[in-house]
Amino acid sequence: MGMSRKLTVVVVEQNRDRAIAIVDALKDSGEVDVFVIGAVSGLARKIATHSPDIVLIDIDNPSRDMLEELTIASGPMERPVAMFVSGAAGGLAKAAVEAGVSAYVVDGLQAERIKPVIDIAIARFHVLRQVRTELAETRRALEERKVIDRAKGLLMKAKGIQEDEAYAMLRKTAMNQNRRVADVAEALVTASGLLS
Amino acid sequence: MRTVSLPVAYMPLVDAAPLIAAREMGFDHAEGVSLDLRPAPSWSSLRDMLAFGHVDAAHLLSPVPIAMALGLGGIATPFSAVSVLSLNGNVIGVGQDLEKRLRASGYAFDFQDANAAGAALARVANGPLVFGVPFPFSMHVELLRYWVAGTELASTQVEIRTVPPPLMAQALAAGEIDAFCVGEPWGSVSVDDQVGALLLPGRAIWTCAPEKVLAVRTEWAETEPHLLGGLMRAIWRAARWLSRPESRTTASEMLSRASYLNVSSELIDRALSGEFTISSRGEQRHVDGFVEFFDGAASFPWRSQAKWIAHQLARRNGLDPTQAEYQAAKVFRSDLYRRELQSSGVELPGASEKLEGAIPDATAVASASGSLILPPNVFFDRRIFEPSE
């Protein structure tokens, strides 16, 4: 007990790979017991059974509001949990929000015990967020490429022109209308779908 | 005219309409601001986006800034509610199991009488009733608690759990909750998914419940008065536009877009028209003023509304009600509303407080031009809330 007791951390994360990445990073610090909760049904109750010191959840997780119930201690045996924002640690909380992780910390826990865990979580969520953004960007770029290719095909067929001419036409229209090439291509594909 | 881009967070709900219409109809540009609307994944994230300065304004549950001012719920950044975005707009619904038992008991689902609905539900409840709500600090919780306490449900064990609205239908189907109180379109979604039936509109409990507010950081309101004024006027114009019957179809289409609510416009139109389908049997019910954005000074942030909310929160959380009302009154900024809107021909009430629940019929009240009519303001139990001094 006392200062030597390991901290119990609950990570709420449905994606298995992301959960493993976070757990591994936290375990490397050697200071914590980590539990992962994947399913969202009965979330607050499941968290309470672990009696955690810290709960970590992705800021974009819609189930996060279920955790806000933990901030109101409804019974004498329950430990109120506060979102980690107050006092000197305020900068840390801002960094956490920016990294995309929200941390709920049991009331009264010393800042120096929390900081290493939150620091690791912030670093890990930063990496995960980058990966996710890159993935989304790649997917979007691929989708746009497909639409532009279809629009080029439509123009080539309708006007009997070459691929580079078709692309030049899309670009010129986009420039004139102050729109993105992908948006012009999408409008063309939609319109041609309606007309065919 | 040069416009200043203003990041504003919202939850994809029907009552985000004033923000969405301000942007889509160009009322924002007319006031020199350009709304950069950002959907939030949850109410807690939305609150944090505002508290940490990722956005400058937000569509927020009216009890949230008051709970924060009372030291409840963790975050302490001072917020100001500069206007009320909407009155009412929630529905209470039950799962199939309760629906069956209610029908067997002869209940007719009138979607109107809160006393009768409470009595009927109390009769068929066997064991504790679990209600899902979107957030622990919300008008949903306040209306539910007020209704339960004032009906025969008072002797039934009621538990309230937070369930994100998009997961409400699923939680009902899985039996994790028995019933819910949620903002549209999520009640109608549960009907269309054939997992729930609608019992009451929120306004059957209180006809003038301040549902969502336009919230800003108090410090931002002080440093950016011109942006604040532009934002408030743009949203006031959007609310006026929404109040015209001929705007309704356009508004439903606008909100239904994938970038906003991403549900069918027909579903959104139910809330805007008050024409509800309340069960999977297709029963139709009409509600006047299901959600109100404009009429009767709907957007005026009455200090007495803040005090009512604070009074309920204080009593449940062991705080001194009088002190809580005093703190809460400073959160609803009728002063800023007057300052920013008085020059725009907005009908401003003479007082900033009123007895809540004391207007049985529409009543003309003192205002700058003398032509302001306040709509009926009554609680289902006809009690009157007198704010403390």
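The label point for A:L142 and the one for B:H226, both projected 7 Å from the Cα toward the Cβ, are 4.8 nm apart.
Using a cut-off of 14 Å between beta-carbons, work out the net charge of the residues near B:I309 (Lys and Arg +1, Asp and Glu -1, B:I309 not included). Net charge in that neighbourhood comes out at +2. Using only side-chain charges placed at the Cβ, +1 for Lys and Arg and -1 for Asp and Glu, the dipole size of chain A relative to its Cα centre rounds to 580 debye. Its residues counted as N, region B:190-245 yields a C-alpha radius of gyration over 2.2 N^0.38 Å of 1.73. Within straight-line reach of A:K152, meaning a Cα separation under 29 Å, sit the following lysines at least 8 residues removed in sequence or on another chain: A:K172.
Taking packing as the residue-averaged number of other Cβ atoms within 10 angstrom, the listed peptides B:328-340, B:83-95 run from highest to lowest as B:83-95, B:328-340.
Normalised by the residues of chain B, what does the relative contact order come to in percent, with Cα pairs under 8 Å and at least six apart? Averaging sequence separation for qualifying contacts and normalising by length gives 21 percent for chain B. Reported value for the protein assembly as shown: 173 Å³ per residue, from the convex hull of its C-alpha atoms.
Contact order for chain A, expressed relative to its length and based on alpha carbon pairs under 8 Å spaced 6+ residues apart, stands at 16 percent. Looking at the protein assembly as shown, the DSSP beta bridges with both ends there are about 60 percent antiparallel. Among the DSSP helices (H) of chain B, those spanning at least 18 angstrom by Cα along their long axis with an average Kyte-Doolittle hydropathy of 0.0 or more are B:225-243; this is a geometric and hydropathy rule only. Shape analysis of chain B yields a ratio of the Cα radius of gyration to the Kirkwood radius, Rg/Rh, of 0.95. Over all directions, the projected convex hull of the C-alpha atoms in region A:136-195 averages 4.2 nm² in area. In this simple spin-label approximation, B:R339 and B:R145 carry label points 7 Å from Cα along the Cα→Cβ vector, and these lie 3.2 nm apart. The calculated FRET efficiency for B:R2 paired with B:A108, based on their beta-carbon distance and R0 = 60 Å, is about 0.55. Per-peptide packing, taken as the mean over residues of other Cβ atoms within 10 Å, places B:179-191, A:118-130 in the sequence B:179-191, A:118-130 from highest down.
Around the Cα centre of region A:136-195, unit charges on the Cβ atoms of Lys, Arg, Asp and Glu (plus for the first two, minus for the last two) sum to a dipole of about 60 debye. Mean residue ellipticity, 222 nm, helices only, chain A: the sum of -39500 (n - 2.57) across DSSP H runs of n ≥ 4, divided by residue count and rounded to 500, is -19500 deg cm²/dmol. The charge dipole of the protein assembly as shown, taken about its Cα centre with unit charges on the Cβ of Lys, Arg, Asp and Glu (plus for the first two, minus for the last two), comes to roughly 680 debye. Dividing the summed helix terms, -39500 (n - 2.57) for each DSSP H run of n ≥ 4, by the number of residues in chain B produces a 222 nm estimate of -11000 deg cm²/dmol to the nearest 500.
Per residue of peptide B:173-180, the mean number of Cβ atoms on other chains within 10 Å of the residue Cβ is 1. Ordering A:170-176, B:5-11, A:133-139 by mean Cβ neighbour count within 10 Å, with the highest value first, yields B:5-11, A:170-176, A:133-139.
You can think of it this way: the chain between B:Q323 and B:A351 has 7.9 nm of extra reach, that is 0.36 nm per residue less the Cα-Cα gap. Per-residue shielding of B:86-93, expressed as the average number of other chain Cβ atoms within 10 Å of the residue Cβ, stands at 0.
Peptide A:56-64 has a mean shielding of 5, counted as Cβ atoms of other protein chains within 10 Å of each residue's Cβ.
With both labels modelled 7 Å from their Cα along Cα-to-Cβ, the A:V131 to A:K159 distance reads 4.4 nm.
Only lysines eight or more places from A:K94 in sequence, or on another chain, were considered; those with a Cα closer than 28 Å are A:K6, A:K27, A:K46, A:K115, B:K212, B:K330. Farthest toward the positive end of the dipole of the protein assembly as shown, out of B:S62, B:A171, B:L200, is the Cα of B:A171, where the dipole comes from beta carbon charges about the Cα centre.
No lab work stands behind these numbers, since they all come straight from the coordinates. All values reported here derive from a predicted model rather than from experimental measurement. When we count neighbours, we look across all protein chains shown, and the Cβ atoms used for this are built from the backbone with ideal geometry, even at glycine.
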